[in-house]
Amino acid sequence: MSSLFEQLGGEAAVDAAVDLFYVKMLNDERVKKFFVNTDMDKQRQHQKRFLTFAFGGLPDYPGKNMRAAHTQLVEEQGLSDVHFDATVENLAAALKELGVSDDLIGEVAKVAETVRSDVLNQ
């Protein structure tokens, strides 16, 4: 069986999804504040690598773990379930806009849920 990464369309699909995802995130009043001082080119590259890994396209992830990467946002800016939910919604909307099936979007949401507790330091 092919990986979720392959089912989504591989590198080109992840690149397109992440680019559209951040357009949505930066226009979303619930979460855009978290990116005010962020180098978005660097952020997009991190996210593309992470999602490629999370969806089975890389054997390991070279970046920070989710807890370490988000601790400051939780402690200093109040990152919470509301923001995590908004992030999943924006990713799903980006994938939908790119023509990804509801079944695959559901699989992506399941993957996202596996990191909720680490992202929110719970």
Among residues belonging to the stretch 93-104 that are part of a helix (DSSP H, G or I), surrounded by fewer than 18 Cβ atoms within 10 Å (Cβ to Cβ) and of a type outside the set (K, R), point out the one that is nearest to the chain's Cα centre (by Cα). A93
Contact list please: Cβ distance under 9 Å, first residue in the stretch 43-58 and charged (D, E, K, R), second residue part of a loop (DSSP other than H, G, I, E, B), pairs at least six apart or on different chains. R49/L58; R49/Y61; R49/P62; R49/G63
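Inside the stretch 44-55, can you point out the residues that are touching a helix residue (DSSP H, G or I) at 6+ places or on another chain (Cβ under 7 Å) and either in a helix (DSSP H, G or I) or at pLDDT below 95 (or both)? Break it down into steps so the answer makes sense when it comes.
To start, the set of residues in the stretch 44-55 that are touching a helix residue (DSSP H, G or I) at 6+ places or on another chain (Cβ under 7 Å) comprises 44, 47-48, 51-52, 54-55.
Result: R44, Q47, K48, L51, T52, A54.
Considering only the stretch 105-118, state which residues are of a type in the set (S, T, Y) and in a loop (DSSP other than H, G, I, E, B). So that I can check it myself, show each step before the final result.
In the first step, residues of the stretch 105-118 are kept if they are of a type in the set (S, T, Y); the result is 114, 117.
Selection gives T114 alone.
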On the basis of being within 12 Å of the chain's Cα centre (by Cα), surrounded by 15 or more Cβ atoms within 10 Å (Cβ to Cβ) and without any contact (Cβ under 8 Å) to a residue 24 or more places away in the chain, does A112 make the cut? no
Give N90, N121 a once-over and let me know the one that is part of a helix (DSSP H, G or I), polar (S, T, N, Q) and either touching an Asp or Glu at 6+ places or on another chain (Cβ under 8 Å) or more than 18 Å from K24 (Cα to Cα) (or both). N90
Please enumerate the residues belonging to the stretch 74-85 that are assigned to a helix (DSSP H, G or I) and either surrounded by 18 or more Cβ atoms within 10 Å (Cβ to Cβ) or among the β-branched types (V, I, T) (or both). V74, V82, H83, F84
If you go through N65, N27, N90, the only one that is modelled with pLDDT under 95 and farther than 24 Å from S2 by Cα is N65
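The values are calculated or read from the model by the stated rules, or taken from the named source; none is laboratory data. Worth saying up front: this structure is predicted, and the values here are computed from it rather than measured. Every residue, glycine as well, gets a Cβ built from its backbone with ideal geometry; the counts of neighbours run over all protein chains shown.
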